[in-house]
Amino acid sequence: MPETGAIGADLNADHVAVGELDRFGNPVNAWSFPISLYKRSHDQIKASLGNVVAEIVRIAKETQKPIVIEGWISLPSVPGSVKRVDQLCADALWICIC
């Protein structure tokens, strides 16, 4: 049986944290991708997140591990809220994976 593990991604206010875990859940490697979300348009945020997502997908392919992201609950939309950015990131990852 091949080792699997996972690549985990977590969106924060100023960076996307990415970690590689072995099949037992132990950290193997970690990356941090700075990202600016403040006072940026929807398209600018989408482009920045797209670049980070591409790098996460590259890491997952290279390590042959699946990508896992935290689930976000539906909250009333607040313009410019982090929840909206979280959803953009989740959508971008889903599109790249599928």
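The values are calculated or read from the model by the stated rules, or taken from the named source; none is laboratory data. This one's a predicted model, so the numbers in the text were calculated from it and none came from an experiment. FYI the Cβ positions are ideal-geometry reconstructions off the backbone, even for glycines, and counts take in every protein chain you see.
Consider segment 61-76. How many of its residues are over 15 Å from residue 17 (Cβ atoms) and either modelled with pLDDT under 90 or not in a loop (DSSP other than H, G, I, E, B) (or both)?
9
When the residues of segment 16-54 are narrowed to those that are in a helix (DSSP H, G or I) and of a type in the set (Val, Ile, Thr), which ends up nearest to residue 5 (Cα to Cα)? Outline the logic, then answer.
Taking segment 16-54 first, the residues in a helix (DSSP H, G or I) are 42-54.
From what's left, of a type in the set (Val, Ile, Thr): 45, 52-53.
On the way: 45: 29, 52: 21, 53: 19 Å.
Among those residues, the one meeting the criterion is 53.
Would you please name the residue that is modelled with the lowest pLDDT, looking only at residues in segment 7-57 that are surrounded by fewer than 16 Cβ atoms within 10 Å (Cβ to Cβ), among the polar types (S, T, N, Q) and closer than 19 Å to residue 69 by Cβ?
12
For a quick check of your reading of the model, give me the residue pairs whose first member lies in segment 1-28 and is under 18 Å from residue 62 (Cα atoms) and in contact (Cβ under 8 Å) with a residue 60 or more places away in the chain, whose second is polar (S, T, N, Q) and surrounded by 16 or more Cβ atoms within 10 Å (Cβ to Cβ), with beta-carbon atoms closer than 7 Å and at least 6 apart or on different chains.
Matching pairs, first to second residue: 7/63.
Give the number of residues within segment 15-31 that are more than 15 Å from residue 50 (Cα to Cα), in contact with a strand residue (DSSP E or B) (Cβ under 7 Å, 6 or more places away or on another chain) and not aliphatic (A, V, I, L, M).
Counting residues in segment 15-31 that are more than 15 Å from residue 50 (Cα to Cα), in contact with a strand residue (DSSP E or B) (Cβ under 7 Å, 6 or more places away or on another chain) and not aliphatic (A, V, I, L, M) gives 6.
Between a first residue in segment 31-44 that is in contact (Cβ under 8 Å) with a residue 12 or more places away in the chain and a second residue that is not in a strand (DSSP E or B), which pairs have beta carbons less than 6 Å apart while being 6 or more apart in sequence or on different chains?
33/52; 35/48; 37/45; 37/85
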